[in-house]
Structure formats: C-alpha cells, structure tokens
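Heads up: the structure comes next, in structure tokens.
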Amino acid sequence: MRRVRLRRLMLFAAAAFVVLIGVYLLAIRPWHLRWGATDEEVDRPMPGDEINAQPSFNGTRAVTVRARPDSTATTGSTTTGYRVPTASYPRIRI
C-alpha cells in the first residue's frame, strides 16, 4: 500500500512539473522576451543587430517614461547602443 501511494505521489509530481514547464514555455517566457515592447519595436532592427546575424537569443524589452523630453527624468536615460551607462544618470528631482 505504501509503494502505491509513493508511486502515485511521484506520478503526480512529474505531471505537475510537466504542466508547469508547459505553462512557462507557452505563456510566461514569450511575455518575458518582449516585456513592455510593442510589435513595431520587436520587429524593427536594433543597434548591434549587424554584429551577429544569427543570434542564439533574441529578446526585446522596453520601458515607457512619461515625461517631457527636456525634463530631468529623460536626460541621460536614452542610449544609442545596447550598452547602458551605469553611473551617468543625473539626480532625479521629484
């Protein structure tokens, strides 16, 4: 009786694992790969695309900043490549 219970538990755990992997691959991963990006942003070429014509990983993420172009929030927050400056952001005043 104990073996049957253990076997059922293992079967249930394996089935739950397969379901979780399926949910991740079909729903969560595609959302993570284009987090915040529109269809236009995903489809258009980005800086650095010419470096590797056949990438093994392709993800486009975006952030929308609702501020005037001349405000402190947008100064220094845009880049022209795929490297993001880490210590060059000005202090943001609220």
* Provide the per-residue ³J(HN,Hα) series for region 24-32, in order, calculated from phi with Karplus coefficients 6.51, -1.76, 1.60 and θ = phi - 60°, each as a whole number of Hz, with x at glycine and proline positions. => 4, 5, 8, 10, 7, 4, x, 5, 5
* Treat every Asp and Glu Cβ in region 4-65 as -1 and every Lys and Arg Cβ as +1, leave all other atoms uncharged, and give the resulting dipole magnitude about the Cα centre to the nearest 20 debye. => 820 debye
* Asked: Between residue 10 and residue 64, what length in nm is gained on full extension when 0.36 nm per residue of separation is reduced by their alpha carbon distance?
  -> 14.9 nm
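Bear in mind these aren't lab numbers, they're just calculated from the coordinates by the rules spelled out. As the structure is a computational prediction, the values presented were derived from the model and not from experiment. We place every Cβ from the backbone using ideal geometry, glycine too, and count neighbours over all the protein chains shown.
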